[in-house]
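For reference, the structure is listed below as structure tokens.
The values are calculated or read from the model by the stated rules, or taken from the named source; none is laboratory data. Everything quoted here is computed from the prediction, not taken from an experiment. We place every Cβ from the backbone using ideal geometry, glycine too, and count neighbours over all the protein chains shown. Heavy atoms of the whole protein, side chains included, go into the accessibility calculation; ligands, DNA and RNA do not. Shrake-Rupley method; radii C 1.70, N 1.55, O 1.52, S 1.80 Å.
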Amino acid sequence: MTRPLPLPQRVESVRTAIAAETEPLVTLTHLLQLCRDEHPVLQERMHYPACRVRAAQIVAGVMPLLPAQASAVVFGPQARRPAVPSRQRWPRTRACRP
């Protein structure tokens with residue numbers, strides 16, 4: 001059984017994986033795995049100063065690689081188009097009848 005890497009090496013490994021990745025879902029997977037692995041420690045001991053330093057170390061390590069947060073969400077014409085045209089009627093079923 002291999003020993004887990006120290007936190008700075010794990011964060012650097014995630015940074016390397018994120019920097020080389022072009023697919024957003026794979027990037028999210030890397031971040032979720034890091035969060036999953038660190039969650040028990042961070043959740044149970046968040047009131048300890050050393051744990052807060054650990055959390056800050058994780059955030060500082062990956063935050064510069066993440067895209068900036070959008071200030072507004074803009075949907076293109078395809079997203080605004082209704083899924084079902086308004087004139088199309090859904091077939092009525094027995095469960096829908098009054």
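Observations
- Any hit, segment 77-84, residues being loosely packed, with under 11 Cβ neighbours inside 10 Å, in a loop (DSSP other than H, G, I, E, B), aliphatic (A, V, I, L, M) and modelled with pLDDT under 85: yes
- Residues that are open to solvent by 80 Å² or more (accessible area, probe 1.4 Å) and in contact with a Leu (Cβ under 6 Å, 6 or more places away or on another chain) within segment 7-20 are absent altogether.
- Only a single item in (1) over 18 Å from residue 12 (Cβ atoms); (2) at pLDDT 75 or above is not met by residue 71, and it is number (2).
- Leading residue by the ranking (most open to solvent (accessible area, probe 1.4 Å)) among those in segment 21-66 that are within 18 Å of residue 5 (Cβ to Cβ) and small (Gly, Ala, Ser): 60
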